[in-house]
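Before any comments, here is the structure.
The values are calculated or read from the model by the stated rules, or taken from the named source; none is laboratory data. All of these numbers come straight from a predicted model, not from anything done at the bench. For neighbour counting, all protein chains shown are included, and Cβ atoms are generated from backbone atoms with ideal geometry for every residue, glycine included.
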Amino acid sequence: MSNNQLTIHEAHQLLKSKHLSSVELTKACLERIRQVDDKVRAFVTVTDELALKQAQQADKLIAAGDIMPLTGVPALIKDNICTKGIRTTCSSRMLESFVPPYNATVVERLSDGGAVIIGKANMDEFAMGSSTENSALFTTHNPWDLSRVPGGSSGGSAAAVAAGETVYALGSDTGGSIRQPAGFCSVTGLKPTYGRVSRYGLVAFASSLDQIGPITQDVTDCALVMNAIASYDERDSTSVPNPTPDYTRCLTADIKGLHLGVPKEYFVAGMQAEVGTAIKVAIKKLEELGAIIEEVSLPHTPYALAVYYIIAPSEASANLARYDGVKYGYSYLETDNMWQAMEQTRERGFGPEVKRRIMLGTYALSAGYYDAYYLKAQKVRTLIRQEFDRVFEKFDALVTPTSPTVPFKIGEKTADPLQMYLSDVCTLPINIAGVPAISIPAGFAGGLPVGMQIIGKPFSEETLLRVAYAYEQATEWHKKRPSL
């Protein structure tokens, strides 16, 4: 195995035993980026000089015996997470030259642990999309089939991990943006409970739905990254002051007696038959491992898509009003007055999908439509959350497909926004309810990755990691790598 294919825990052991240096590991990832990123196109920015400098500092810490699980290990950061002194574009013309003066809390925590920041990942513009085709910069390609999408909006993060360009990455998840690309790229992605990981320094899309989480090669790495980034942050008003457990302690292969529900509504009409078959085989494996499997109904699930596409655009409309060309970001100045300047700034700075969602949200919040759309959507959101609460009185976790399809062809759905939105039908309800969920590799259909999603009650990430780890240890899917 080459150094760039090491997991965090494998790299940690080699670093600790002095069989590998952080500089060597970082150079292996940078070389891999040079070899394959012209095909994958996962990186907006490669911070090679900074990464090598941080790797040298990490090696000094290791030599002094000061090593933590992430010390000296290269990490990729999604380009909507602020990095001090490093361009943070949100893959938008609006912020193409924006360099934040501070780090997001999650970046601070990784840096405190001695991490090496290797670059910033491409994404759908302002995290609005399911395929990374909405990036204003370029489209990222799926390492398993370069003619297909890697998912979105954290497509660059997932593709880079799958391609061996970084050891792990951070993504953000507003409606499935960590889990769906993780499923499409056959890696592991966790959307934590809303409030578990600080959003301070995350460029806002929909503030009541956004959450930062890890994208890794396996479940153990996922737990290690969660140990580093999950804790209370007083700078984030939505951060919850719950004690943070050691997530690695739940990594046992024993799930005997756990009650796992299989919601029938997640096996939606239009699901590819091979995807359904792969997930049913995976659920059978969980049963063989001792879990008690039972079908369950979440009848409000079909309404989640409509609820999401009212609430998320409404919040986006409010959050993106700050991009007016006055304080920061792109500014169009060749006009006669400030109103024309603002109009032209937003016309030229935002891409088509961002404009579409701003208009949808502004309409839903406008006088005469607020009660009919936004208020009603919030009421149905409450029903969806209550439905999850009731189900979790009986079940320890729920198991579903991550996506109803395998990765689709680049360009296949760009002309039909509704078909694109349906790609997230299995992941949206989790953000609406604010509960955690993880996607893990669960096989292949026609040679393309299939992800399995495990959903838990609020702050039950330990249970999700336990179930995911047990399945992972009983299968080989997480060990497979694309040939680039």
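Inside the stretch 87-96, can you point out the residues that are closer than 26 Å to Thr238 by Cα and not in a loop (DSSP other than H, G, I, E, B)?
Of everything in the stretch 87-96, just one residue is closer than 26 Å to Thr238 by Cα and not in a loop (DSSP other than H, G, I, E, B), namely Leu95.
Out of the strands (runs of 3 or more DSSP E) lying entirely within the stretch 162-267, which hold 2 or more residues that are touching a strand residue (DSSP E or B) at 6+ places or on another chain (Cβ under 8 Å) and closer than 16 Å to Ile454 by Cα? Steps first, answer last, please.
On the way: elements: 168-173, 188-191, 211-216, 259-263.
It comes to 188-191, 211-216, 259-263.
Condition (residue is on the phi > 0 side of the Ramachandran plot and under 27 Å from the mean Cα position of the chain (by Cα)) applied to the stretch 39-48: is it met by at least one residue?
The answer is yes, given that some residue of the stretch 39-48 is on the phi > 0 side of the Ramachandran plot and under 27 Å from the mean Cα position of the chain (by Cα).
Of the conditions (1) more than 30 Å from Ile384 (Cβ to Cβ); (2) in contact with a Phe, Trp or Tyr (Cβ under 8 Å, 6 or more places away or on another chain), Asn337 satisfies every one except a single condition; which number is it?
Result: Asn337 fails condition (2) only.
Quick one: is Gly152 assigned to a loop (DSSP other than H, G, I, E, B), in contact (Cβ under 8 Å) with a residue 12 or more places away in the chain and surrounded by fewer than 24 Cβ atoms within 10 Å (Cβ to Cβ)?
No.
I'd like the residue in the stretch 268-277 that is of a type in the set (A, V, I, L, M) and assigned to a loop (DSSP other than H, G, I, E, B) and, out of all such residues, is nearest to Ala442 (Cα to Cα).
Met271
Could you say which residue among Gly72, Gly65 is of a type in the set (Gly, Ala, Ser), outside any helix (DSSP H, G or I), without any contact (Cβ under 8 Å) to a residue 24 or more places away in the chain and within 25 Å of His12 (Cα to Cα)?
From the options Gly72, Gly65, the qualifying one is Gly65.
Within the stretch 245-261, can you find the residues that are under 23 Å from the mean Cα position of the chain (by Cα) and under 21 Å from Phe392 (Cβ atoms)?
Listed by number, the residues that qualify are Pro245, Tyr247, Cys250.
Give the residues of the stretch 235-265 that are touching a Phe, Trp or Tyr at 6+ places or on another chain (Cβ under 9 Å) and among the acidic types (Asp, Glu), sorted by residue number.
Residue satisfying the conditions is Asp236 alone.
Applying the selection to the stretch 97-113, what residues are under 16 Å from Thr47 (Cα atoms), assigned to a loop (DSSP other than H, G, I, E, B) and of a type outside the set (Phe, Trp, Tyr)?
Listed by number, the residues that qualify are Ser97, Val99, Pro100, Asn103.
From the residues in the stretch 222-253 that are modelled with pLDDT under 95 and over 12 Å from Glu462 (Cα atoms), which one is surrounded by the most Cβ atoms within 10 Å (Cβ to Cβ)?
Restricting to residues being modelled with pLDDT under 95 and over 12 Å from Glu462 (Cα atoms), the top hit is Ser231.
Could you tell me whether the stretch 319-326 includes any residue that is under 23 Å from Ala433 (Cβ atoms), without any contact (Cβ under 8 Å) to a residue 60 or more places away in the chain and either under 24 Å from the mean Cα position of the chain (by Cα) or assigned to a helix (DSSP H, G or I) (or both)?
No, every residue in the stretch 319-326 fails to be under 23 Å from Ala433 (Cβ atoms), without any contact (Cβ under 8 Å) to a residue 60 or more places away in the chain and either under 24 Å from the mean Cα position of the chain (by Cα) or assigned to a helix (DSSP H, G or I) (or both).
Would you point out which residue out of Leu146, Leu137 is surrounded by fewer than 24 Cβ atoms within 10 Å (Cβ to Cβ) and over 26 Å from Ala316 (Cα atoms)?
After ruling out the rest, the residue left standing is Leu146.
Given the conditions (1) in contact with a strand residue (DSSP E or B) (Cβ under 9 Å, 6 or more places away or on another chain); (2) of a type outside the set (Phe, Trp, Tyr); (3) under 23 Å from Met123 (Cβ atoms), and given that Val36 satisfies all but one, which numbered condition is not satisfied?
All conditions are met except number (1).
If Gln57 satisfies every condition in (1) touching a residue at least 24 places away in the same chain (Cβ under 8 Å); (2) part of a loop (DSSP other than H, G, I, E, B) but one, which is the exception?
Among (1) touching a residue at least 24 places away in the same chain (Cβ under 8 Å); (2) part of a loop (DSSP other than H, G, I, E, B), Gln57 violates only (2).
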